[in-house]
Amino acid sequence: MGNTIHPMHGSFVNADLVACVLRVLPNFECLASTILTSKAIYNIFQQHPCSVVRSVAYNLVGPALPQALRFVRCQNAQLYSKPVDELLGEDDIQKHPVLSSEDITSLVAISTSVQELESLFSWRMKDRRYKTSQLSFAESTRFQKAMYRLSLFSAVYGRNAYESTIEPDSDQLEEIDSALEEAKALRKGFFASFSTLELRDIQRIEMFLRGIIVRAEGVYFATISPTTYSPETSFALYCAPHRVIDVYKGGLYCITERDPDMMEEMFFNDFVIWPLTSVLVDRKEPPLLPVNQKQPIIDEIVGEHDRCSQCQSDTINGLDLWGPSNWSYLWGTPPLHSITQLLKGHVGANLADGVHFLTLLRETPAEELVGGLFDYNTPAYITWNKADWLCSQCLNKFIRDHLHIWYLGQKIKKGDVIPENCWYGYNCRTQTHRLAHAQKLNHWCEPTRGDAPPTNV
């Protein structure tokens, strides 16, 4: 009999195998490439288009496909400001299993953002060593379901809802107050449709997203209080939670093309946290889980009990330690100008170099800058090295004691001629108001005299 290969179009077995292969493709790009390789494969796809497309959609999104499809279909249908029982349900994929081209396009867009956010969440909340997701299957499912539900909440009750119900030039206070009260009731009704465990997952996602937004606002180390909310945080979640990945990459203002007006601020203030915690309180649940209690979504944190390599503090959680694998989270591009607050003395306001320092800081990724500081270890830090895991206090101290030295080193590498040191070094006050003095002497150095020069220097 030999190894005779039968033509594909004449073999039921081969056609069946091809259909199985199509169903395990990871995304729609692979599906499109595969069915275009031959007419025979295309014809097999045409015999099973709905089941193949559903399978690929599941491969792309995973078990959270019902939540993702609910989001895209409600958004595409513009179901704004609807009570939760008038929205499409998470079982809509069973009721309407055929995915339209619009469904597919929207699923690809939202799933890409959610998967990137999952990797970021894993990096910050589970395993600080890896930038790609290390979540278990169960953890990933919980994260993605919560993320799609939060995105649906924003799509139905956020900015689109506001723009579809409030006239831009409306000045009728009674009308606005009535619309606001109705919006609050609808938002609370949405969260009331979920179990308490599901609400806790959404709540943790919201806190994680706030951390990214706070980072974009310029708060060093992106540390936040669970009870602190800024208008920028509420506004970003009100526009589109899944687009917070764009905030992480490019800054706060890439999430929307225009600023809100004063009236709109009433609608996005405490956009997520008020209705969600209201439901929890109604259920006699604490608004926030105690920090010493197991937190939602993550079952196991890698290195949870690790300590700072230098101070060995037993009060610092392993996720709050910083090393080469997560330095890049410290600030974005451009970096935070607040890092200049770590400069010693008055050198940050130096008239000759201040602007250049900020420019260089803007052009230097966090991991390159922090790693570069270790090239200038002073004697007091001779035992410190790049591989150390440091708490924020120790890292702050290290940056503060080396940032001015690093900058001087960058000037030397560039070939700049470094003038004679000022006796008062970085503590010199004259460098901040006399350009000639700032240009004549180097101030990125340790003082060798008192902390301020006489006024006639």
Positions within segment 85-130 being part of a loop (DSSP other than H, G, I, E, B) and in contact with a Pro (Cβ under 6 Å, 6 or more places away or on another chain), in sequence order: 90
Selection count where residues are surrounded by fewer than 17 Cβ atoms within 10 Å (Cβ to Cβ) and either in a loop (DSSP other than H, G, I, E, B) or touching a residue at least 40 places away in the same chain (Cβ under 8 Å) (or both), scope segment 17-26: 2
Given (1) of a type outside the set (A, V, I, L, M); (2) in a helix (DSSP H, G or I); (3) more than 18 Å from residue 196 (Cβ to Cβ), number of the condition residue 310 does not satisfy: (2)
Some residue of segment 48-62 being outside the structural domain of residue 164 (by TED's automatic domain parsing), in a helix (DSSP H, G or I) and over 27 Å from residue 141 (Cα atoms): no
Filtered residues of segment 37-90 (kept if under 26 Å from residue 194 (Cβ atoms) and either free of Cβ contacts under 8 Å to residues at least 12 places away in the same chain or of a type in the set (Asp, Glu) (or both)): 58, 77, 85, 86, 90
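Run down 297, 301 and say which single residue is at positive phi, buried (at least 16 other Cβ atoms within 10 Å of the Cβ) and in a loop (DSSP other than H, G, I, E, B).
Working: 301 fails: at positive phi.
Going through 297, 301 in turn, the sole match is 297.
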Wholly within segment 341-457, helices (runs of 4 or more DSSP H) carrying at least 3 residues that are within 39 Å of the chain's Cα centre (by Cα): 354-363, 366-373, 392-414
Condition check for residue 406: of a type outside the set (S, T, N, Q), surrounded by 17 or more Cβ atoms within 10 Å (Cβ to Cβ) and closer than 30 Å to residue 312 by Cα: yes
Test result for residue 356, within 30 Å of residue 417 (Cα to Cα) and without any contact (Cβ under 8 Å) to a residue 24 or more places away in the chain: yes
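Tally time: how many residues in segment 82-113 are under 27 Å from the mean Cα position of the chain (by Cα) and under 15 Å from residue 156 (Cα atoms)? Let's see the steps before the verdict.
Applying the first criterion (under 27 Å from the mean Cα position of the chain (by Cα)) to segment 82-113 yields 90, 102-113.
Checking the rest, the ones that are also under 15 Å from residue 156 (Cα atoms) come to 90.
Of the residues in segment 82-113, 1 are under 27 Å from the mean Cα position of the chain (by Cα) and under 15 Å from residue 156 (Cα atoms).
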Test: residue in segment 49-57 that is among the β-branched types (Val, Ile, Thr), within 30 Å of residue 191 (Cβ to Cβ), buried (at least 17 other Cβ atoms within 10 Å of the Cβ) and at pLDDT 95 or above: no
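Quick grid of which residues meet (1) modelled with pLDDT under 90; (2) in the same structural domain as residue 243 (by TED's automatic domain parsing); (3) more than 30 Å from residue 316 (Cα to Cα); (4) in contact with a Phe, Trp or Tyr (Cβ under 8 Å, 6 or more places away or on another chain):
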{"position": "258", "(1), (2), (3), (4)": "yes, yes, yes, no"}
{"position": "261", "(1), (2), (3), (4)": "yes, yes, yes, no"}
{"position": "267", "(1), (2), (3), (4)": "yes, yes, yes, yes"}
{"position": "272", "(1), (2), (3), (4)": "no, yes, no, yes"}
{"position": "275", "(1), (2), (3), (4)": "no, yes, yes, yes"}
{"position": "287", "(1), (2), (3), (4)": "no, no, no, no"}
{"position": "292", "(1), (2), (3), (4)": "yes, no, no, no"}
{"position": "299", "(1), (2), (3), (4)": "no, no, no, no"}
Every pair of residues 6+ apart whose Cβ atoms lie under 6 Å, when the first sits in segment 227-252 and is assigned by TED's automatic domain parsing to the domain that holds residue 115 while the second is at pLDDT below 90 and among the hydroxyl-bearing types (Ser, Thr, Tyr): 239/256
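The values are calculated or read from the model by the stated rules, or taken from the named source; none is laboratory data. Fair warning: this is a prediction, and the values are worked out from it, not measured in the lab. Positions of Cβ are backbone-derived with ideal geometry, glycine not excepted, and every protein chain shown enters the neighbour counts.
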